[in-house]
Every structure is written in structure tokens, then in C-alpha cells.
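To start, the structure under review is shown below, and the notes come after it.
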Amino acid sequence: MAPPNSFLWSRRIFLTLLTGFVLVPVYVMVSSSLKPLADVSGKFRWIPSGLTIRPYIDIWSTVPLARYFVNSLIVAGAATVCSVVIAVFAAYAVSRYEFRGKRTFTVTVLSTQMFPGILFLLPLFLIYVNIGNATGIALFGSRGGLILTYLTFSLPFSIWMLIGYFDSVPRDLDEAALVDGCGPLGALFRVVVPAAIPGIVAVAVYAFMTAWGEVLFASVMTNDTTRTLAVGLQGYSTLNNVYWNQIMAASLVVSVPVVAGFLLLQRYLVAGLTAGAVK
Amino acid sequence: MTTTTAASADSGERTVRKDSPGAARGPRRAGRIRRIGLPYLLLLPALLLELLVHLVPMVIGIVMSFKELTQFYIRDWGTAPWSGFDNYKISVDFSAPVGEALLHSFLVTVGFTLLSVGLCWLIGTAAAIYMQDTFRGRGLLRALFLVPYALPVYAAVITWVFMFQHDNGLVNHVLHDQLHLTDKPSFWLIGDNSFYALLVVSVWKGWPFAFLIIMAGLQNIPGELYEAAALDGAGLWQQLRRITLPSLRAVNQVLILVLFLWTFNDFNTPFVLFGRTAPESADLISVHIYQASFVTWNFGTGSAMSVLLLLFLLVVTGAYLLLTSRGRKTADV
């Protein structure tokens, strides 16, 4: 049955306005990144007076963007891998076993989501410094410290989502594997994990995005050599000048990997959310 | 963000069920011990990390809130003198500058969060419902709508900073030069306007998440419901009110709680938009506490404020879960 015309028109108007709202900043980012400095320093223009790829060349020398990029890749990549592996184990335990303290565990994990990050910024800073002083393991200012912090940020979300996802994998499947002589871990990796790939991909995407976009801990817990993109991007504003065209170019370069990855994998994310969050 | 409700419902269901992997295998003693220990072993890494990065810091934070912790003691914070409830008294003494500023920031945050969550939910729901049927370009539009959510916070917010610039920003260019709505170019990142600037950015970034979740929720509503309603002569509006919204109830409860917590605790957006010190009208609580701790170097008071904030969130979340679960029970009957 075709929807009535009034519905079609309200849909057209709403979706057009919304597309505009969503896309204007994206347009500003792209168009300004191709403008000469004089153009971004004066009044805003929708149409650039001249196009140049100069900002894309200069961003690498104005600040050590390549180094920040590598730092962000290492930190976000390692945090993602660790958090997914740890979450898979934890979610499997909760989904498939009865044990004392299970409810306490899920409730605790759940409630860490409501803690404001600011609450443990300073204590964590003190813990890392103390561990460093006591053992010589440099956590503060190192990539390791940041990886450790970030992987716990995405962990609660990943665990809940995977519990929901694993629950949707029929129990008969891994029970059959157990009967066939697989150990519990064999059943997990041969049966449950392959069946839950969309959920695991969704969790990985989320973990990577969380780590790639975090600002607070990155700005307190890094030094010159371990700085991530979140902090590094501030380097384009100097006392004399704000290189808006370079800022926009760098923002775009920084965004392309995550946005591309997200859009490629979004169908898994939606599938994961359907199974995990929505029941 | 998966749901408390889903998790608790599941564990309840499972307690009734027999633990099958155990039952499938024989009652050999060694095997049994291994199986009892196994769940804990699987949980161990997650537990250790949660302890190290969330729970221990939280306990230390609570201890710190009872200490007179200024920059002099930061190297060796254990030696800072106890101050009892002084930090708390300072924080909630609303007649003195510190408490007054905290109360102001709290109220700003509550107002901001309600507005932002409400708008995100409204836009997300409308977009998801409008895009429930297939039409040409739907896939492309859906991908476009997810871009603000996928962009790294700092890259997205810094673009908004550029757009809100007084002299060379797009917003003033459109409002002043092109539409002539204002007498002179306005300031957006300082003064009273900054509240609205922050709100716009927050909604821009946040609504796609609501959209994503509600879209997922809509997929679970059986199409027959709509067909039956259409046969009975229900219009689109009635279908929305009688089928769509009630079916989304559980999804919405979780979504709104998560949006609330994320928005209330958001640090990244205001920090990138305004820097270390936010304008008074947009002084969100996370940045306020950061400022109280790291700019004025009073970590004891900052910790006390954090603990108060956590207590507030616990109470609100508890009350919300209680109310919504009671509502659901009566709805089921």
C-alpha cells in the first residue's frame, strides 16, 4: 500500500533539512581544507576563491602529524584487540555458565558505564606514577598506560553487547561441540566466536572509535613522543596564526580511516545492536 | 549499552535452566573443579582491568575527597592532611563562590542534558520512522547520517569551532551577511550564546546513535502488525501511536538512559569547543570539575565534587530503572 502524499512530502522536507544539517560541517571541512590560508582567514565563502592541495602537504611539517598518527594507530589498535579478546572470554563465561557472583559482575560492569571519566583521571594518574616509581614500568606518559586505560573504556559496552550476542547463538551448537570432544575453549573458538562474528566486529568498531576519539586522558597522560592525534591537532593554532585550512585538512586525514571503516562495517554494527541491545 | 533489563532477564531465565555443559560431561572430580573454576578464569582479565582502572581509582578518589589535597602534596598524596568533610562542605555551600559555581554548573548540565537528549531522541526517532520503508537512496542517506557519529570527536568539534568563529565563521556569515537576522556578528564561543552552540554540536553528534538504535528496534516489529492495523482502517498516525511507539518502549528506555549518562558526563565536546575553561552559560560539570582540579589545583575539592556527581548519577539511574521496570510490569499484565 503506497503511503499518502502528505507523508511523502513531510518525509522529503524532513530528510532534506536533516541532510543539510549533517552535511554542512562536512562540506566546511572538505572545502576549507582545499583553500589557501588567505581565504580561510577572511570572511567565510561557500565557494573557494582558489583551490590548492598545499594544506595537505603542509600538515605533515607544521606538526609531526605522522608520529601522532602512528601513536594513535598503535594505541587504538592495541586497545581494540585486547578489549575484544578480553570481552569475548568474559561474555562467554556469563552467557554459558552459572557461577557465584555472576550478577554482581554484570551489575558492576554495567555501572562503570555511568562513572564520569573525570572521576578517575587524577587517581589513575597517581596510580600510574606510583606503579612507575615502584616497579620502573613507565605507564604514565607511555602508550602502554593509554592502551590500558582505553581498553577498559570500551570493555563494559563490549561485554554487555557480546553477552546478548552469544545468548542468541543456539546453545545446542556448542553443546554438540562439547559432546564431540571439544574443550570449553574449543567450543568457544570453533563454534560460538564464528557464529557471533557480526557482534564481535561491532564491538571492535566501537572500541576503536572510542580510543581514536578520546581527548581527556590523551591530553593529560601523553608526552611529546607519545602524543595522539586528539592532542596533536591543537598544534595548528599558534600565537600568530590559526592555520584553519591545515586544521581542516588534518581533521579530514584523521577522520577518513575511522569513517571509512565504520561505513564499511556499519551493517555489522546494526546487526550487533539488534542482537545485543534490542530484545 | 546493552541492557540491564536484557541481562537481568537472561540470568533469571538461565538460573531455571540446568547448566548444560556440566551436565553433558561426567561427574569426574578433576573435570568438575576445572569447570567450576573456568568461568572465573575467563572473567579474570576483565575483572583485573576493571579493578585497576575503574574500581581502585574510584576508591582512591573517595579517599582523596576527604583530604586537603593541593599541588604541594601531589607527589606524595598519602601524606596530605585529612580534612574530614571540609571538601564536601565547600562544594555544597551554595552561598560561597565555589559552591555557587558548582550549583550553577550542575543546573546548566541538567538543562543542557535534558534538551540534548530530547532533541537527539526526537530527530533519531523521526528519521528512523521516515526511513522504515525502502525508497530510492535510502542506503546512501543512512550511511550519510552515520557520519557525525563516526567522525572522531576532536575533528568534528574543531570543525564546529571554525564554523562558530566570530570573523571568519560560516554561522555568522549565514546569519548576518546572508540572512541579515542579526544586527552585528555574534560571539558563539563566549557569552550566553555558547550554550546554544554546545547544544547544536551535541545534537549533531548524538542523534545518529539514537537513529541507529531505533532503526534496529524497528526491524524487530513484525510487519503483520501493520498489515492487520491497515486492514482495520488505522491511519499512519494511529499505527505510529498504537504499534510503533509501544513496541519501541524497551528500546527507548535503554536508549534514553544511555544518552543521558553519555551527555551528562561528556567531557570531549565542551573541552574541544571551549578549552580548559568553559563560558559560564555552557559550563558543563565534567569540565567544571576538571577546571577545579587541574587549573586551580585543588584536587581534594575536585574529588569531592566528582563523588557528589557520582552519587547523583547513581540515584537518578536507580530511580529511572525502578520506574521503568515497574512501568513495564504493569504494561505486561
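Scanning region A:145-171 for residues that are assigned to a helix (DSSP H, G or I), more than 9 Å from chain B (Cβ to nearest Cβ) and farther than 16 Å from residue A:208 by Cα returns A:145, A:166. Among the residues making up region A:92-116, those that are hydrophobic (A, V, I, L, M, F, W, C) and over 20 Å from the mean Cα position of the chain (by Cα) are A:93, A:94, A:99, A:105, A:107. Screening A:34, A:23 for residues that are over 21 Å from residue A:215 (Cβ atoms), aliphatic (A, V, I, L, M), more than 12 Å from chain B (Cβ to nearest Cβ) and surrounded by 13 or more Cβ atoms within 10 Å (Cβ to Cβ) leaves exactly one candidate, A:34. The condition of being within 17 Å of the chain's Cα centre (by Cα) and assigned to a helix (DSSP H, G or I) holds for only one of B:314, B:273, B:323, that being B:314.
The residues on offer are B:101, B:128, B:143, and the sole one that is surrounded by 12 or more Cβ atoms within 10 Å (Cβ to Cβ) and free of Cβ contacts under 8 Å to residues at least 60 places away in the same chain is B:143. Give me a count of the residues in region A:24-81 that are within 26 Å of the chain's Cα centre (by Cα), part of a helix (DSSP H, G or I) and among the hydrophobic types (A, V, I, L, M, F, W, C). Adding up the residues that qualify gives 18.
Evaluate the following for residue A:154: is it open to solvent by 10 Å² or more (accessible area, probe 1.4 Å) and of a type in the set (Gly, Ala, Ser)? If you could, list the steps in order and put the result at the bottom.
Details: open to solvent by 10 Å² or more (accessible area, probe 1.4 Å): no; of a type in the set (Gly, Ala, Ser): yes.
The answer is no for residue A:154.
One residue is enough: does region A:5-22 have a residue meeting the conditions without any contact (Cβ under 8 Å) to a residue 24 or more places away in the chain, over 30 Å from residue B:228 (Cα atoms) and of a type in the set (Lys, Arg)? Scanning region A:5-22 turns up no residue that is without any contact (Cβ under 8 Å) to a residue 24 or more places away in the chain, over 30 Å from residue B:228 (Cα atoms) and of a type in the set (Lys, Arg).
Of all the residues in region A:186-201, those that are crowded, with 19+ Cβ neighbours inside 10 Å, of a type in the set (Gly, Ala, Ser) and within 26 Å of the chain's Cα centre (by Cα) number 2. The one condition from (1) within 30 Å of residue A:191 (Cβ to Cβ); (2) under 23 Å from the mean Cα position of the chain (by Cα) that residue A:119 does not meet is (1). The set of residues from region A:90-110 being buried (at least 20 other Cβ atoms within 10 Å of the Cβ) and either modelled with pLDDT of 85 or more or of a type in the set (Gly, Ala, Ser) (or both) comprises A:90, A:91, A:92, A:93, A:94, A:95, A:96, A:97, A:105. When region A:111-138 is limited to residues that are part of a loop (DSSP other than H, G, I, E, B) and more than 7 Å from every other protein chain (Cβ to nearest Cβ), the one that is surrounded by the fewest Cβ atoms within 10 Å (Cβ to Cβ) turns out to be A:136.
Just a yes or no: is a residue in region B:146-160 farther than 30 Å from residue A:47 by Cα, without any contact (Cβ under 8 Å) to a residue 24 or more places away in the chain and hydroxyl-bearing (Ser, Thr, Tyr)? No, region B:146-160 contains no residue that is farther than 30 Å from residue A:47 by Cα, without any contact (Cβ under 8 Å) to a residue 24 or more places away in the chain and hydroxyl-bearing (Ser, Thr, Tyr). Quick check, is residue B:194 open to solvent by less than 30 Å² (accessible area, probe 1.4 Å) and either in contact (Cβ under 8 Å) with a residue 24 or more places away in the chain or more than 26 Å from residue B:275 (Cα to Cα) (or both)? Answer is yes for this residue.
Counting just the residues of region A:220-263 that are at pLDDT below 90, within 21 Å of the chain's Cα centre (by Cα) and polar (S, T, N, Q), which one comes out surrounded by the most Cβ atoms within 10 Å (Cβ to Cβ)? Looking at the filtered set, the residue picked out is A:222.
Residues of region B:39-66 that are among the small types (Gly, Ala, Ser) and in contact (Cβ under 8 Å) with a residue 24 or more places away in the chain: B:61, B:65. When region B:24-65 is filtered for residues that are more than 9 Å from chain A (Cβ to nearest Cβ), open to solvent by less than 50 Å² (accessible area, probe 1.4 Å) and either outside any helix (DSSP H, G or I) or modelled with pLDDT of 90 or more (or both), the ones remaining, listed by number, are B:26, B:65.
Here is a yes/no grid of residues against (1) within 10 Å of another protein chain (Cβ to nearest Cβ); (2) closer than 27 Å to residue A:149 by Cα; (3) among the acidic types (Asp, Glu); (4) touching a residue at least 40 places away in the same chain (Cβ under 8 Å):
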position: A:215; (1), (2), (3), (4): yes, yes, no, no
position: A:223; (1), (2), (3), (4): no, yes, no, yes
position: A:230; (1), (2), (3), (4): yes, yes, no, yes
position: A:234; (1), (2), (3), (4): yes, yes, no, no
position: A:243; (1), (2), (3), (4): no, no, no, yes
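The set of residues from region B:66-77 being in contact with a strand residue (DSSP E or B) (Cβ under 9 Å, 6 or more places away or on another chain) and at pLDDT below 85 comprises B:68, B:69, B:70, B:71, B:73, B:77. Does region B:289-304 hold any residues that are buried (at least 24 other Cβ atoms within 10 Å of the Cβ), within 21 Å of residue B:195 (Cβ to Cβ) and more than 9 Å from chain A (Cβ to nearest Cβ), and which are they? Within region B:289-304, B:292 is the sole residue that qualifies. Out of A:80, A:104, A:108, one residue alone is more than 8 Å from chain B (Cβ to nearest Cβ), free of Cβ contacts under 8 Å to residues at least 24 places away in the same chain and either of a type in the set (D, E, K, R) or under 20 Å from residue A:159 (Cβ atoms) (or both). It is A:104.
Going through (1) in a helix (DSSP H, G or I); (2) under 24 Å from residue A:232 (Cβ atoms); (3) without any contact (Cβ under 8 Å) to a residue 40 or more places away in the chain one by one, residue B:165 falls short only on (1). Going by what's in this entry, would residue A:41 be described as open to solvent by 30 Å² or more (accessible area, probe 1.4 Å), more than 22 Å from residue B:50 (Cβ to Cβ) and at the interface with chain B (Cβ under 7 Å from one of its Cβ atoms)? So residue A:41 fits the description; yes.
For region A:178-204, residues that are more than 9 Å from chain B (Cβ to nearest Cβ) and touching a helix residue (DSSP H, G or I) at 6+ places or on another chain (Cβ under 7 Å) total 15.
Taking region B:211-238 as the range and being in a helix (DSSP H, G or I), open to solvent by 20 Å² or more (accessible area, probe 1.4 Å), within 11 Å of another protein chain (Cβ to nearest Cβ) and under 26 Å from residue A:271 (Cβ atoms) as the test, the residues that pass are B:219, B:226, B:227.
The values are calculated or read from the model by the stated rules, or taken from the named source; none is laboratory data. No experiment lies behind these values; they were computed from the predicted model shown. Heads up, the Cβs are rebuilt from the backbone with ideal geometry, glycines too, and the neighbour counts pull from every protein chain shown. SASA here: full protein model, heavy atoms, side chains in, ligands and nucleic acids out. Shrake-Rupley method; radii C 1.70, N 1.55, O 1.52, S 1.80 Å.
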